[in-house]
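Okay, structure first, notes after.
The values are calculated or read from the model by the stated rules, or taken from the named source; none is laboratory data. Treat the numbers as computed from the prediction; the structure is a model and nothing was measured. Neighbour counts are summed over all protein chains in view; Cβ atoms, including those assigned to glycine, are modelled from backbone coordinates with ideal geometry.
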Amino acid sequence: MDSGIGGLDTYIKAREINLRQKAIIASGFSESEQVHKAPELGAGTYVRKPYVIEKLGMAVRKELDRK
């Protein structure tokens with residue numbers, strides 16, 4: 001990501017290139033507006049901090065399998 005640009009903005013820019021872009025949400029700010037907005041735009045599972053490798057793996061698998 002460019003300096004000063006957040007995950008939501010990055011996801012929006014990626015979708016401008018590829019509407020079918022898949023993504024998971026990973027954040028320590030569970031109540032932020034951006035965390036709630038991303039799934040509305042098509043992003044997948046939300047993974048909270050602290051990250052656990054098994055949960056990250058399951059989130060990635062779920063997103064890859066999502067149609």
- Filtered residues of region 32-63 (kept if within 21 Å of LYS13 (Cβ to Cβ) and among the charged types (D, E, K, R)): GLU33, LYS37, GLU40, GLU63
- Query: Does region 10-47 hold any residues that are more than 11 Å from the chain's Cα centre (by Cα) and in contact (Cβ under 8 Å) with a residue 12 or more places away in the chain, and which are they?
  - Reply: ARG15, GLY28, SER30
- Message: Name the single residue that is nearest to LYS67 (Cα to Cα) among those in region 12-57 being modelled with pLDDT under 85 and touching a Leu at 6+ places or on another chain (Cβ under 7 Å).
- Response: ALA38
- Query: For THR10, which of the numbered conditions (1) in contact with a strand residue (DSSP E or B) (Cβ under 9 Å, 6 or more places away or on another chain); (2) hydroxyl-bearing (Ser, Thr, Tyr); (3) in a helix (DSSP H, G or I) fails to hold?
  - Reply: (1)
- Could you check GLY4 against (1) touching a strand residue (DSSP E or B) at 6+ places or on another chain (Cβ under 8 Å); (2) loosely packed, with under 11 Cβ neighbours inside 10 Å and say which number it fails? (1)
- Query: Can you name the number of the only condition in (1) surrounded by 14 or more Cβ atoms within 10 Å (Cβ to Cβ); (2) out of contact with any strand residue (DSSP E or B) (no Cβ under 6 Å at 6 or more places or on another chain) that LEU41 fails?
  - Reply: (1)
- Query: In region 19-67, how many are in a helix (DSSP H, G or I) and aliphatic (A, V, I, L, M)?
  - Reply: 8
